[in-house]
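Notes follow once the structure below has been shown.
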Amino acid sequence: MTNTIPARRATVRLVRCAVYTRKSTEEGLEQEFNSLDAQRDAGEAYVRSQSGEGWVALPDRYDDGGFTGGNTDRPGLRRLMADIEAGRIDCVVVYKVDRLSRSLLDFAQLMQRFEQKGVSFVSVTQQLNTASSMGRLVLNVLLSFAQFEREIVGERTRDKIAATRRKGKWGGGRPVLGYDREPGGSSSTRTRPSGSATSSSCTSCTGRSSRW
């Protein structure tokens, strides 16, 4: 009888995973267990589920509390990209796609840098992994909807401001030169000419001209 020797298991490549978290507002961040902690727990749990593939969560935290996803000007994201450029990260894990970015242009640029460095991207709740072509396709579709939602919010805000101006109401901000707010006025109070300020300015100018 011939004895068979089991084949040695192939060495599993170590995949260093960075969990990135973000929250648009600072509300609730003072709590002992906040939204950023919950996002990180979900990310670490997903990484542990892939431990058989060599995945391991890095201890470094990449958190951005109180920062919008509409741009990339975030300290946590800057540190994440610096470590990617240094070759210390193999995979970026987020709770949802929009935690990384809500801008399609910014996201495309980030994905390009990820690909250049051989870094994959995973969204825990949406079960997306850019290591596969299908994952990249679905990811771009979801992000397009996120960008669409952001543009709709902007359009609604602009429409509201335009409607306020058509009614002759003050839309907020600093009054233009020659106008000031009426005492006790709200954001919808009509502005009025500031004759005293204009007169004093002209008098001052006249006085300086006479001296010269």
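Among the helices (runs of 4 or more DSSP H) contained in the stretch 66-175, which hold 1 or more residues that are among the hydroxyl-bearing types (Ser, Thr, Tyr)?
Numbers: elements: 75-85, 97-100, 104-116, 133-166.
Answer list for the stretch 66-175: 133-166.
Tell me yes or no: at least one residue of the stretch 129-143 is in contact with an Asp or Glu (Cβ under 9 Å, 6 or more places away or on another chain) and modelled with pLDDT of 75 or more. Spell out how you get there, then give the answer.
Kept after step one, since they are in contact with an Asp or Glu (Cβ under 9 Å, 6 or more places away or on another chain), are these residues of the stretch 129-143: 130, 142-143.
Next cut, modelled with pLDDT of 75 or more only: 130.
The answer is yes, given that some residue of the stretch 129-143 is in contact with an Asp or Glu (Cβ under 9 Å, 6 or more places away or on another chain) and modelled with pLDDT of 75 or more.
Consider only pairs whose beta carbons are under 6 Å apart and that are at least six residues apart or on different chains; among these, list those whose first residue lies in the stretch 81-102 and is under 17 Å from Glu44 (Cβ atoms) and whose second residue is part of a helix (DSSP H, G or I) and not aromatic (Phe, Trp, Tyr).
Pairs found: Ile89/Asp83; Val93/Gly43; Val94/Leu100; Tyr95/Gln39; Tyr95/Ala42.
The rows are residues; the columns are (1) exposed (fewer than 14 other Cβ atoms within 10 Å of the Cβ); (2) under 20 Å from Gly54 (Cβ atoms); (3) small (Gly, Ala, Ser); (4) out of contact with any strand residue (DSSP E or B) (no Cβ under 9 Å at 6 or more places or on another chain).
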position	(1), (2), (3), (4)
Asp83	no, yes, no, no
Ser103	no, no, yes, yes
Gln109	yes, no, no, yes
Gln112	yes, no, no, yes
Gln126	no, no, no, yes
Arg136	no, no, no, no
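This table checks each residue for (1) assigned by TED's automatic domain parsing to the domain that holds Glu85; (2) touching a helix residue (DSSP H, G or I) at 6+ places or on another chain (Cβ under 9 Å); (3) within 19 Å of Lys23 (Cβ to Cβ).
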position: Lys96; (1), (2), (3): yes, yes, yes
position: Arg99; (1), (2), (3): yes, yes, yes
position: Arg102; (1), (2), (3): yes, yes, yes
position: Lys117; (1), (2), (3): yes, yes, no
position: Thr125; (1), (2), (3): yes, yes, yes
position: Val138; (1), (2), (3): no, no, no
position: Ser144; (1), (2), (3): no, yes, no
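The values are calculated or read from the model by the stated rules, or taken from the named source; none is laboratory data. Computed from a predicted model, the values in this text were never measured in an experiment. Please note: Cβ atoms are built from the backbone with ideal geometry, for glycine as well, and neighbour counts cover all protein chains shown.
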